[in-house]
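So the structure is just underneath, and the comments pick up after that.
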Ligand SMILES: Nc1ncnc2c1ncn2[C@@H]1O[C@H](COP(=O)(O)OP(=O)(O)OP(=O)(O)O)[C@@H](O)[C@H]1O
Ligand SMILES: [Mg+2]
């Protein structure tokens, strides 16, 4: 059975995971959506066409997505120190998590934005919408179900990635599973962590699906 | 009847008062040497070539032409969704080619547009859709609410404000589109195949609504359609485009009554009734027997009046049978043709002058019933 100490440890790990994932997910939304909007409106046929800059940003996004998270975690250490002021702990893990989740989410959001019917943009122009009005009233609201669906996928994959945060001493559920379950052969801890992760992921997926369905029935 | 006389009245008014109205009222469009060339990876496409055109304030102006003729390109230069490659577009005398974003936004509040697929925002309610033009214009909320209510009332959708577009029928969606286009009180309304996605009954209702708006608000309407009946029912003048060139243009009764261009004739072909098969196969080129009946086609292009009593008098005692009749009343004028079978005692020449054109199609035996 689990000792009281282990229960405490698990509780702490659960909160650490939650904090890491939610803060970096927040950053991914705050940066990823503007990035996606930029990629769409500056792309070919967009109303703010800037092909060079568009291609440059596209390459940058692809570059970050190509690097595995565990490598990013280490490679970003100088940057993490600059931003978080430390290279260990929860906040040190949030930086690389956000850096890896932002381009991932931006690409997914970009796809949803591109799927918005160009006829709607045209209609908006015809009624006197400015560029910003079109982003705000047409692109974002019309793409919202797809963006929310993409956000769900992003969060789920971030829960997975956060398991590696132990590498910078950030703790979290994955770290507990590896340290106690794998390295000390405590199968119970391992199973409990797996159960918690399954529940967490299911809850995220369920909430996301529900939100998408709500948005789509309109 | 009321509808027909309204058309007659309006048709006449436009004929007579057009030049004066063009100067006085808002809502005129002038195209000068308008050209549009699309350049893409696949090459250059000349969509419009040197189009000169004047659209008067308050008229309903139709644009027809085959697919790819350049109709949409022309319409879209009027609110600068498309930038012309050459020539000028003048709205109420103002050249719109040099407008910056602020100028364009102002222009588009004076020129509304509706679309074949309605293009309503699915994430907004009907009310929010209609309110959007005013919201982005920064009007106070109370004023927006008042005008949105007014616009919804005008298109007959007063109770539907809280619905989402996906819950509406095609006809209702187009009404929302019209309300959205009208809420900023434009002078000109552009319609790109606005009824193409609707069934005939709904099409009729939308056309009545457009005509009603045109008369009540004095709005200029420029519409594209593939349905000749739409032109016949509500347009004052019509433009025929062919491969980016202006093929012909004029009052609907004139263009439909006496088409000058092959493209026009091809477009009007579906409206023509052919001679019934049983008659066509027995038709001979010349008279072989004095007892033969002559088959005569009288064409009406809007000038002559099909006066049945006069025709009967000209036929004298002989039989005069009506074989085919296809007379449309367009802008109060008779357009079309009637085909008559004349008895042996009646000379076809006697009918010269009763119609705008006369043609002997051939002769048939007297024996048939
Ligand atoms: N954005 C574009 N890029 C390249 N070519 C275009 C573009 N838009 C239209 N064209 C071409 O210009 C020509 C005229 O097109 P337009 O859409 O004006 O025709 P249309 O008369 O409206 O046809 P339809 O009845 O099918 O709507 C066509 O040959 C079309 O392929
Ligand atoms: Mg078109």
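Where a number appears in this text, it was derived from the coordinates with a stated rule and is not lab data. Since we're looking at a predicted model, the values are computed, not measured. Methodologically, a virtual Cβ is constructed for each residue, glycine included, from the backbone with ideal geometry; neighbour enumeration extends over all protein chains shown.
For chain B, set up a GNM with springs between Cα atoms under 10 Å and report which of B:206, B:178, B:60 has the largest fluctuation. Its mean-square fluctuation being the largest, the pick is B:206. When A:27, B:29, A:7 are arranged by Cβ crowding within 10 Å, least crowded first, meaning fewest neighbours, the order is A:7, A:27, B:29. Summarising the label geometry, the points placed 7 Å from Cα in the beta-carbon direction at residue B:52 and residue B:243 lie 2.2 nm from one another. Helix A:187-216 axis versus longest C-alpha principal axis of chain A: approximately 20°, rounded to the nearest ten.
Helix A:140-161 and the long axis of chain A differ in direction by around 20°, with both axes built from C-alpha atoms. Remark: the residue B:26-residue B:291 segment gains 89.0 nm on full extension, using 0.36 nm per residue and subtracting the alpha carbon distance. Our note on the geometry: Cα centres of the range B:25-60 and the range B:115-140, 27 Å apart. Students often get this wrong: which residues of the range B:97-136 have the backbone nitrogen under 15 Å from the point 7 angstrom along Cα-to-C-beta of residue A:47? Within reach of a label on residue A:47, which here means backbone N under 15 Å from a point 7 Å along Cα→Cβ, the range B:97-136 contributes B:100-109, B:113, B:120-121, B:132-136.
Using the rule -39500 (n - 2.57) for each DSSP H run of four or more residues, divided by the residues of chain B, the 222 nm mean residue ellipticity is -10500 deg cm²/dmol. If you average the C-alpha positions of the range B:160-202 and of the range A:121-171 separately, how far apart do those two centres end up, in angstrom? Result: 31 Å between the Cα centres. Scoring A:68-75, B:49-56 by mean Cβ neighbours within 10 Å over their residues and listing the highest first yields B:49-56, A:68-75. Counting, for every residue in B:114-126, the Cβ atoms of other protein chains within 10 Å of its Cβ and taking the mean gives 5. GNM on chain B, alpha-carbon springs under 10 angstrom: the most fluctuating residue among B:93, B:138, B:250 is B:138. Among B:39, B:255, B:230, the residue with the largest mean-square fluctuation in a Gaussian network model of chain B, with springs joining Cα atoms closer than 10 Å, is B:39. From the alpha carbon centroid of the range B:75-114 to that of the range A:90-109 is 44 Å.
Cβ crowding within 10 Å, taken as a proxy for footprinting-reagent exposure, orders A:79, A:105 from fewest neighbours to most as A:79, A:105. Remark: B:135, B:313 ranked as B:313, B:135, counting other beta-carbon atoms within 10 Å and listing the fewest first. Applying 1/(1 + (r/R0)^6) with R0 = 41 Å to the Cβ-Cβ distance of residue B:216 and residue B:312 gives a FRET efficiency near 0.40. What angle, in degrees between 0 and 90 and rounded to the nearest 10, separates the Cα long axis of helix B:126-136 from the longest principal axis of the Cα atoms of chain B? On a 0 to 90 degree scale, this one is about 60.
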